[in-house]
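Notes follow the structure.
Every read-out reported here was derived from the displayed coordinates using simple, explicitly stated rules and does not represent laboratory data. Every value quoted in this text rests on a predicted model; they were computed, and no experiment measured them. Glycine gets a Cβ as well: all are built from the backbone with ideal geometry, and neighbour counts include every protein chain shown.
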Amino acid sequence: MNELGCSTLNFARMPRREALDNVAALGFGLVDLGMLRPFNVGENEFRALHLDALAADADEIALVREELAERNLQLVALNAGGGYLNLAWERDEAIAYVERSIDICRDLGGRVVTIQSGKLLRGTDWLANAEYVVPAVRELGHRAEQAGVELHIEGPHLEMLTYNLKTTTDFMAMVDHANVFVTMDPSHIVVADEDPVEVTRALAPQIRHVHIRDGAGASPVVVPGLGEIDWPGFVRVLREHSYAGPMMIELCQDESEDYETSNARFLADTKFSLEFMRSVFDRVDDAARVA
């Protein structure tokens, strides 16, 4: 049985301690920590900076360790982003951000650092962008391996170099590193107008971490159960390929409402998502027993 966990991206606007309080209060034992500096996906800016890799010193890392322990939370992954690897003017800092995130993940007992492949720059050559990024990803994958941590590329992902199945497959083939895997978020597959179940089936051998969020039409930010994804099919295909890891609910709290209203809505949406995914697991388990 896969365990359900929660990302602090669900509570991106809250201070870290409050976000972790909510994760624990909902009954989760596993957490992904948002370490995303402000960035744009299309026209919308998003941030979930519950820890800044380049600003955090040893004392703050120790404090985070205490905060997790106080709430009986186990860190699974860091969702790290300090710049795009294919933008020359921020490449060095982006690499340094991931390097430091790897160390922090190790120190906090996590398993995964998830990063983006690079920004999709329309009107430029995809292959040239990928070739610029791939050596850095390989080196980061090696550094993560030395630290006992996995490096993951999120793919497919809207507006990134890995924006659909083909680009994700091509990018991962170019990287070709034993410690670089895929973090799967099926909401972005919907936006790419592809079948989440079939794309997951194609990438399953490389998937080592999973985000849970729904998608509908051009939106990858839909509460699970309210969008277009066949969730029982998605869970079944992962289990058919022996995925036994956690599935982390990640809803991406934005700033479209006032602070208190937004906090209440995302708390309710996270609770709904947890109950919905538990029902999905029950349906899949029941069908497996009948079969």
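Of ILE61, VAL133, MET174, which is farthest towards the positive pole of segment 4-290's charge dipole, taken about the Cα centre with +1 and -1 on the beta-carbons of Lys, Arg and Asp, Glu respectively?
The Cα lying farthest towards the positive end belongs to MET174.
Quick one: Cα centre-to-centre distance for segment 210-240 and segment 9-34, in angstrom?
21 Å
Quick one, could you list the DSSP H helices from the chain stretching 27 Å or more along their long axis (Cα atoms) with average Kyte-Doolittle hydropathy of -1.0 or above?
126-147, 259-290
Calculated from DSSP H runs of 4 or more alone, at -39500 (n - 2.57) each and per residue, what is the 222 nm mean residue ellipticity of the chain, nearest 500?
Counting only the DSSP helices, I get -14000 deg cm²/dmol.
Where does each of TRP126, TRP89 land when they are ranked from fewest to most other beta-carbon atoms within 10 angstrom? Before the final figure, lay out the partial values.
On the way: TRP126 17, TRP89 8.
Exposure proxy ranking, most exposed first: TRP89, TRP126.
Rounded to the nearest 5, what % of DSSP beta bridges with both residues in the chain are antiparallel?
20 percent
Classify segment 50-176 as rounded, prolate or oblate, taking a ≥ b ≥ c as the square roots of the eigenvalues of its Cα gyration tensor: rounded when a/c is under 1.5, otherwise prolate if a/b is larger than b/c and oblate if not.
On the way: a/c = 2.22, a/b = 1.96, b/c = 1.13.
Prolate is the answer for segment 50-176, as a/c is 1.5 or above and a/b outweighs b/c.
Where nothing but the Cβ of Lys and Arg (+1) and of Asp and Glu (-1) is charged, how large is the charge dipole of the chain around its Cα centre, in debye to the nearest 20?
Its charge dipole is roughly 580 debye.
Classify segment 4-290 as rounded, prolate or oblate from the Cα gyration tensor: take a ≥ b ≥ c as the square roots of its eigenvalues, call it rounded if a/c is under 1.5, otherwise prolate when a/b beats b/c and oblate if not. Please report the intermediate quantities before stating the final value.
Values: a/c = 1.36, a/b = 1.07, b/c = 1.26.
Rounded shape, in that the Cα axes give a/c under 1.5.
First measure r as the distance between the Cβ atoms of GLU257 and ASP193, then evaluate 1/(1 + (r/R0)^6) with R0 = 22 Å and state the FRET efficiency to the nearest 0.05.
The computed FRET efficiency comes out at 0.15.
What list of ³J(HN,Hα) couplings, whole Hz, do you get for segment 242-247 from phi and the Karplus terms 6.51, -1.76, 1.60, once you set θ to phi - 60° and write x for glycine and proline?
3J(HN,Hα) across segment 242-247, in whole Hz: 6, 6, 10, x, x, 10.
Listing GLU255, GLU145 from the residue with the fewest other Cβ atoms within 10 Å to the one with the most, what is the order?
Final ranking by Cβ density, sparse to dense: GLU255, GLU145.
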